[in-house]
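Structure record follows, encoded as structure tokens.
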Amino acid sequence: MHVVKTLRPQNYNEVLYVGHYFRKGIPVLMDLTDLTDDDARPLVDFAAGLVCGRGGAMDRVTSKIFLIQP
């Protein structure tokens, strides 16, 4: 069974959950549609660093939805 965890962080502190699931090997769909571009940018930067540092992939599904795969 394949599981994808959908998260809708509302601020930068909640991006830690993205890292938590990613490190457990669970793909994360990060939905930032409720955030402004300025608020969303640091979360995307965090996810990009996570993927770069731990391996994996990040795909943009829409302008503010990202699939992060371990």
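The values are calculated or read from the model by the stated rules, or taken from the named source; none is laboratory data. No experiment lies behind these values; they were computed from the predicted model shown. Ideal geometry is used to build each Cβ from the backbone, glycine not excepted, and the neighbour counts take in all protein chains shown.
Among the residues of segment 25-39, is there at least one that is in contact (Cβ under 8 Å) with a residue 24 or more places away in the chain, in a helix (DSSP H, G or I) and over 15 Å from LYS5 (Cβ atoms)? Looking for residues that are in contact (Cβ under 8 Å) with a residue 24 or more places away in the chain, in a helix (DSSP H, G or I) and over 15 Å from LYS5 (Cβ atoms), one finds at least one in segment 25-39, hence yes. Under the condition of being among the β-branched types (Val, Ile, Thr) and over 16 Å from GLU14 (Cα atoms), which residue from segment 35-63 is surrounded by the most Cβ atoms within 10 Å (Cβ to Cβ)? Looking at the filtered set, the residue picked out is VAL51. Would you pick out the residues in segment 54-67 that are modelled with pLDDT of 95 or more and not in a loop (DSSP other than H, G, I, E, B)? Listed by number, the residues that qualify are ALA57, MET58, ASP59, ARG60, VAL61, THR62, ILE65, PHE66, LEU67.
If I ask for residues that are of a type outside the set (Phe, Trp, Tyr) and either within 11 Å of the chain's Cα centre (by Cα) or surrounded by 15 or more Cβ atoms within 10 Å (Cβ to Cβ) (or both), which ones from segment 16-34 would you list? Show your work before the answer.
Of all residues in segment 16-34, those of a type outside the set (Phe, Trp, Tyr) come to 16, 18-20, 23-34.
Across segment 16-34, the qualifying residues are LEU16, VAL18, GLY19, HIS20, ILE26, PRO27, VAL28, LEU29, MET30, ASP31, LEU32.
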